[in-house]
Amino acid sequence: PRLDDDAPVVGSLRFAAPLPENARFQLTLPAGVVDEAGRPLATASAFPLEVATGALPPLARFAAAPFAVVEAAARPAEPALLPMTLRHVQADLGGTGGALRTLHLGPATPDATLLQWIARLQRDHDDAWRTRAQPLLAREAAARAQPLPARREGDTRATEVIGIPLPARGLHVVEAASRLLGAALLAPPVPMPARPAALVPTQGVHFKRGRSSSLVWVTARDRARPVPGAQVAVNDCHGQPLWSGRTDAQGLARI
């Protein structure tokens, strides 16, 4: 154990976490342990004390935020990867029966549609206790089912981080529903989904808002150089256009 301080009286101690799951331990005390008044422990005969840990609860989650920007792969032929943390649900999600679904919204998607999906995911994130049993992509005709990336042979890790491939540029809505996760966290137990939106862009957009004018600067994400002639649109929260134009030779759009 690690003591919290060097005081002569020990108030608490800690064991390094995490401890291995489903393991047995023996808790021992050094000889001559007494309290501040010099009295021996009334429960000294109970030591060494047998203790044990149980299994870690199942986990299937993406980042804590409902929206993420994922960098494109260095090689054009390789997909971007959205990290996902799994624990004790790999067998549940590893088949091809549609436990993992993705919806791709490409560059031609109207701005209002993109904003609606982002707002929908934000509301879902804010009211997770209400919506965590309700699938989002099950009725979306454009959503496609895909298996999780294959695990290496002999890999028995309880917890691992995998990369969900996002092969195309644009906005991706990803949903993974686990029966094991729902059985542990929901009543009545139903498959519990985890879902984010992930943007795989080729350009970065930087916005400076002012009282009399504003400025947009567009740069390429691979080399951070200004992008001339990039189409820029400013919308309100409902997707209604407020301004549109293109960047100049320095990658700047003045509004």
**Prompt:** Which whole-number percentage describes the relative contact order of the chain, with Cα contacts under 8 Å and a sequence gap of 6 or more?
**Reply:** 18
**Asked** Top mean-square fluctuation among Ala16, Ala55, Ala183, Gaussian network model of the chain, C-alpha springs under 10 Å?
**Response** Ala16
**Message:** Quick check: at a probe of 1.4 Å, how many percent of the accessible area of the chain sits on carbon and sulfur atoms?
**Reply:** 56
**Asked** Of Gln240, Leu29, Ile118, whose Cα points farthest to the positive end of the dipole of the chain (charges on the beta-carbon: +1 Lys, Arg; -1 Asp, Glu; origin at the Cα centre)?
**Response** Gln240
**Asked** Which three lengths, in whole Å and largest first, does the chain cover when its Cα atoms are put on their principal axes?
**Response** 81, 47, 38
**Angle in degrees between helix 111-126 and the longest Cα principal axis of the chain, rounded to the nearest 10** = 20
**Asked** Considering only protein heavy atoms, what per residue accessible area in square angstrom results for the chain with a 1.4 angstrom probe?
**Response** 66
**Prompt:** Which residue, Val200, Val216, Val190, tops the fluctuation ranking in a GNM of the chain built on C-alpha contacts under 10 Å?
**Reply:** Val216
**Complete:** Relative contact order as a percentage, the range 88-226, C-alpha pairs under 8 Å and 6+ apart, gives 28
**Fill in**
In Å, the C-alpha Rg and Dmax of the range 129-178 are 14.0, 38
**Request:** Quick one: Debye curve from the alpha-carbon atoms of the range 16-128 only, equal weights, vacuum; give me log10 I(q)/I(0) at q = 0.16, 0.19 Å⁻¹ to two decimals.
**Result:** -1.02, -1.25
**Request:** Please build a GNM for the chain, connecting alpha carbons under 10 Å apart, and tell me which residue among Thr85, Thr43, Thr159 fluctuates the most.
**Result:** Thr43
**Prompt:** Per residue of the chain, what 222 nm ellipticity follows from adding -39500 (n - 2.57) for every DSSP H run with n ≥ 4, rounded to the nearest 500?
**Reply:** -3000 deg cm²/dmol
**Message:** How much length would be gained if the chain were fully extended between Glu50 and Phe25, taking 0.36 nm per residue of separation minus their Cα-Cα distance, in nm to one decimal?
**Reply:** 8.4 nm
**Asked** For the range 77-169, what number results from the quotient of the Cα radius of gyration and 2.2 N^0.38 Å?
**Response** 1.24
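The values are calculated or read from the model by the stated rules, or taken from the named source; none is laboratory data. Everything numeric here is computed off the predicted structure, so don't read it as measured data. Backbone-built Cβ (ideal geometry, glycine too); neighbour counts: all protein chains shown. Side chains included, ligands, DNA and RNA excluded: accessible areas come from the protein's heavy atoms. Shrake-Rupley method; radii C 1.70, N 1.55, O 1.52, S 1.80 Å.
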